[in-house]
Amino acid sequence: MRSSLNRGLQIPSDIREIRPSTCFSVIVAMPLGIAVAVAAIWLADQGYFARWRELPPPPSSVTAIHAADPYALCVDTAPGAVYCWYHYRAQAGWMAATPEVFVELPPSTPFPREGNPPGTVRHRVDFSYPLQENVQYISYSILTDGTIWEWRHSRGMGILFAYPVAALCGGLVALIASLVILRRPKPTAKTNAA
């Protein structure tokens, strides 16, 4: 009876080939994709991907940072003038400013992952700025060569929504990629005709 069942039941070869790849995709690739995506979001939230960037030079050589806030940086220059860089109109470049109307935020400690710009720092200002749902961490540095550098990083409640989305996307991408890679047809050996 058993032998007749075995003879009558024939499993197609393509189903036998799918089973190991599906198990690998579900057991290994999906959790790995989820872990990589969640780790990337965590690293971004911790500021690992934020980098220092150099601002264009002002019209005169810079002596010190005069004042700063999330929207602008004002610097003192050698002739005694104050120039400001406004982020919301960066295309306008540096503009002469009246320091009386500029409100300076109290400085704070640097963000832990911030590091230093590439060079020797002559003057630096670090501060954090709370917004409705997040906090902006900003640093401005003037180097000994006169260049001005900026570092920005934002942390907030929005990251809580990024974790489940990243986990879902990472798992799906890993699942699809592993199935596509593992389901590729195996190369057949070519026989040489005599």
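Before moving on, here are some points about what is shown:
- Subset of the stretch 54-109 [at pLDDT 75 or above and of a type in the set (D, E, K, R)]: Glu54, Asp69, Asp76
- Against the list (1) at pLDDT 80 or above; (2) of a type outside the set (S, T, N, Q); (3) not in a helix (DSSP H, G or I), the condition Ile11 fails is (1).
- First in the stretch 35-62 and touching a residue at least 60 places away in the same chain (Cβ under 8 Å), second anywhere and assigned to a loop (DSSP other than H, G, I, E, B) and of a type in the set (Val, Ile, Thr), Cβ under 9 Å, 6 or more apart: Glu54/Thr147; Leu55/Thr147; Pro57/Thr147; Val62/Thr147
- Only one entry of Gly115, Gly119 meets the criterion of being at positive phi and either among the hydroxyl-bearing types (Ser, Thr, Tyr) or at pLDDT 80 or above (or both), and that entry is Gly119.
- So Ser141, is it within 30 Å of Val36 (Cβ to Cβ), surrounded by 16 or more Cβ atoms within 10 Å (Cβ to Cβ) and modelled with pLDDT of 65 or more: no
- Considering the stretch 144-157, and only residues there that are in a loop (DSSP other than H, G, I, E, B) and touching a residue at least 40 places away in the same chain (Cβ under 8 Å), the residue that is surrounded by the most Cβ atoms within 10 Å (Cβ to Cβ) turns out to be Thr147.
- Scanning the stretch 29-52 for residues that are exposed (fewer than 14 other Cβ atoms within 10 Å of the Cβ) and either part of a loop (DSSP other than H, G, I, E, B) or at pLDDT below 75 (or both) yields a count of 3.
- Unique residue being modelled with pLDDT of 80 or more and more than 23 Å from His66 (Cα to Cα) when the list is Gly146, Gly158, Gly170: Gly170
The values are calculated or read from the model by the stated rules, or taken from the named source; none is laboratory data. Remember, it's a predicted structure, so these values are computed and weren't measured experimentally. Cβ coordinates were reconstructed from backbone atoms using ideal geometry, including for glycine residues, and neighbour counts include every protein chain displayed.
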